[in-house]
Amino acid sequence: MNLLIINGPNLNLLGKREPSVYGSESFDDYLNKLVGEYTDDAISYYQSNNEGDIIDKLHEVGFDIDGIIINAGAYTHTSLAIADAISAIKSPVIEVHISNVHKREAFRHNSYLSAVCQGVIAGFGLDSYRLAIEALKRSK
Ligand code: DQA
């Protein structure tokens, strides 16, 4: 399958950012392992700290690609515009979170994206991304 992982704001700092919440592994290291595990699939990666860039990327790939895995970071809890972009495209989208957002502050409990995504995976550390790939592969 042709899959894209999109990471939103502050997720470029994985490995350095609040390691007690998000772990100490960089996303590049994790992604290398993932790509090595799924050699029959094409897994590409995009990260941006900017809402509009994430929307542009969804528009660009979202009519052709087999699946999108998105961790929109804090935009999850604020962005109707990213939710509308997900509604507008055709490819299935899975929302992921590294932390279990429901165990955390109340403002992290609401997601504008969940209702427009195929499903949500949260709380399994970086393995949340692999679980999302498995979900997309099983539902194709
Ligand atoms: C996050 C959870 C969000 O609440 C937070 O703003 C993030 C990361 C997660 O992966 O656990 O940036 O999406």
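Worth pointing out:
- Sequence-distant residues sharing a close amide H with Glu25 (under 5 Å, placed H): Gly15
- Diagonalising the gyration tensor over the Cα atoms of region 2-139 and scaling each eigenvalue by 5 before taking the square root yields semi-axes of 20, 19, 14 Å, largest first.
- Heavy-atom accessible surface of region 6-127: percent carbon and sulfur, 1.4 Å: 49
- Within-13-Å neighbourhood charge of Ile6 [Cβ basis; K, R +1; D, E -1]: -4
- Taking a Cβ cut-off of under 11 Å around Ile121, the surrounding Lys, Arg, Asp and Glu residues balance to a net charge of -2, with basic ones at +1 and acidic ones at -1.
- For the chain, calculated [θ]222 nm from helices alone, where every DSSP H run of n ≥ 4 adds -39500 (n - 2.57): -9500 deg cm²/dmol
- Per residue, the chain exposes an accessible area of 49 Å² to a 1.4 Å probe, with every protein chain left in place.
- Note: relative contact order over region 2-139, using C-alpha pairs below 8 Å and six or more positions apart, is 26 percent.
- Local net charge near Ala132, Cβ-Cβ under 14 Å (Lys/Arg +1, Asp/Glu -1): -2
- Phi angles of region 115-120 translate, via the Karplus equation with coefficients 6.51, -1.76, 1.60 and θ = phi - 60°, into HN-Hα couplings of 5, 10, 9, 5, x, 10 Hz per residue; Gly and Pro are given as x.
The values are calculated or read from the model by the stated rules, or taken from the named source; none is laboratory data. Just so it is clear, the model here is predicted, and its values are computed rather than measured. Because the Cβ atoms are built from the backbone with ideal geometry, glycine has one as well, and the counts that use them run over all protein chains shown. Surface accessibility is based on the protein's heavy atoms, side chains included, excluding ligands, DNA and RNA. Shrake-Rupley method; radii C 1.70, N 1.55, O 1.52, S 1.80 Å.
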